[in-house]
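FYI, it's all coordinate maths here, none of it is from the lab. All values reported here derive from a predicted model rather than from experimental measurement. Here the Cβ positions follow ideal geometry from the backbone for every residue, glycine too, while neighbour counts run over all protein chains shown.
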Amino acid sequence: MDNELLFDLFRKMNRIRRFEEEAARLYTERKIGGFLHLYIGQESVAVGAISVLDLKKDYVMSAYRCHGHYIACGGRTDLGLAELLGKETGCAKGRGGSMHFFDVKNHYFGGWGIIGAHMPVAAGLAFAQKYRDSDGVTLCFLGDGAINIGPFHEAMSLAALWELPIVFIIENNYFAMGTPLEKTAPTEDLSIRALGYPMARDTVEDGNDVFSVRETIHSAVKRARESKMPTLVEVKTYRYRGHSMADPGTYRTKEEVEAAKAKDCIERLGKKLETLGLSEDRKKIVDEVEREIETALQFAESSNFPAPETALDFCLIEP
Ligand SMILES: Cc1ncc(C[n+]2csc(CCOP(=O)(O)OP(=O)(O)O)c2C)c(N)n1
């Protein structure tokens, strides 16, 4: 693997982590309206998976815990922080907020708040790719909490029936809000849901290893691109923070969270850089990201809120 790729993976994972740490701070300062769901701990999933795409032709869609996917697609941190603050310069012009990041230029199609609802829409993107013979593939990220909801099955069924170039990635962080997976799923193997349609399936046991994520998603994307065969992939991961900033997380022990943090995906890649004799580069990237986030914060804080008279702009129906 070439160094540039290693640096890119490390930079993006750091960028997401630092972006979200600042988001948490802004939220406690009451500068962010609405909900804030953090992706901290799961960075290797979005970064590893999206790193195998060709975003000139491929598409990405995710649920509401979406800052990581936006940044992994190349979304700018200044426009992301501005969005969190509801500013007109935000990536969704300050109208989406935390759950509805959007970045058409980088082929990131949101940021969706209703569980599972984005999945048939993602199947629609993949349908368009096939219909237009574009050779593109769609990656659709979802949480483990989405696997029992109707649109999950509708999207899987259409994807299999129409042989769509799509990869569904379940980010299994073991909790849907405060409900542990064992109370909602009758199996420990979530990819087994693929059997009923049918489509290919795979599992990444160690989602903290960005290279394992890359390898599995690479095969799935290749299968989708070359054979129009969809895949359902389960990636095992863990979120460090509560479901949202309002969640004190009383449904799990401190020890469990600490044990997960000890296997941190960013620290792990950082150590790999060290063993390869790239400590200086590691430090340089960390510093660069720090400066980028500082500048992004200044940009976001100094941007304007949208003017009141533009409140109805971008609505589907003109008044
Ligand atoms: C249809 C629907 N029902 C309920 C909710 C409320 N809700 C918000 S997040 C969430 C849990 C989702 O968990 P999961 O899909 O595992 O995602 P994670 O939070 O782990 O990223 C629920 C039930 C919702 N947004 N949409």
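What to note about this one:
- Between Lys105 and Lys183, the modelled labels are 4.4 nm apart [label points 7 Å from Cα along Cα→Cβ].
- Of Lys236/Lys261; Lys12/Lys284; Lys56/Lys222; Lys93/Lys130; Lys57/Lys130, pairs whose Cα-Cα distance is over 19 Å: Lys93/Lys130
- For the stretch 147-214, the dipole from Cβ point charges (+1 on Lys and Arg, -1 on Asp and Glu) about the Cα centre works out to 200 debye, to the nearest 20.
- Straight-line cross-link partners of Lys228 among the aspartates and glutamates, defined as a Cα under 13 Å from its Cα and at least 8 positions apart when in the same chain: Asp133, Asp135, Glu163.
- Burial ordering of Asp247, Asp144, fewest other beta-carbon atoms within 10 Å first: Asp247, Asp144
- Full-extension gain in nm, Tyr197 to Asn3, via 0.36 nm per residue minus C-alpha separation: 65.8 nm
- Charge dipole of the stretch 3-303 about the Cα centre (unit charges at C-beta), most positive-ward option of Thr231, Pro248, Ala128: Ala128
- Ranking of Lys105, Lys57 by neighbouring Cβ atoms within 10 Å, starting from the fewest: Lys105, Lys57.
- The ranking of Glu22, Glu255 from fewest to most other beta carbons within 10 Å of each one's beta carbon is Glu255, Glu22.
- Radius 11 Å from Cβ of Gly249, net charge of other residues (Lys, Arg +1; Asp, Glu -1): +2
- Under the criterion of Cα pairs below 8 Å and six or more residues apart, the relative contact order for the stretch 130-236 equals 35 percent.
- Label-point separation, Thr28 to Lys271 (7 Å along Cα→Cβ), nm: 2.8 nm
- Global form of the stretch 3-303, assessed from the alpha-carbon gyration tensor, a/c cut-off 1.5: rounded
- Thr179 long-range amide H proximity, modeled H, under 5 Å: none
- Relative contact order, whole percent, for the stretch 3-303 stands at 23, derived from Cα pairs under 8 Å and 6 or more residues apart.
- Classification of the stretch 263-318 by its C-alpha gyration tensor yields a prolate form. The axis ratio a/c (a ≥ b ≥ c) is 1.5 or more, and a/b outweighs b/c.
- The mean sequence separation of alpha-carbon pairs under 8 Å and at least six residues apart, normalised by the residue count of the stretch 211-305, gives a relative contact order of 12 percent.
- The chain, dipole about Cα centre (Lys/Arg Cβ +1, Asp/Glu Cβ -1), debye to the nearest 20: 220 debye
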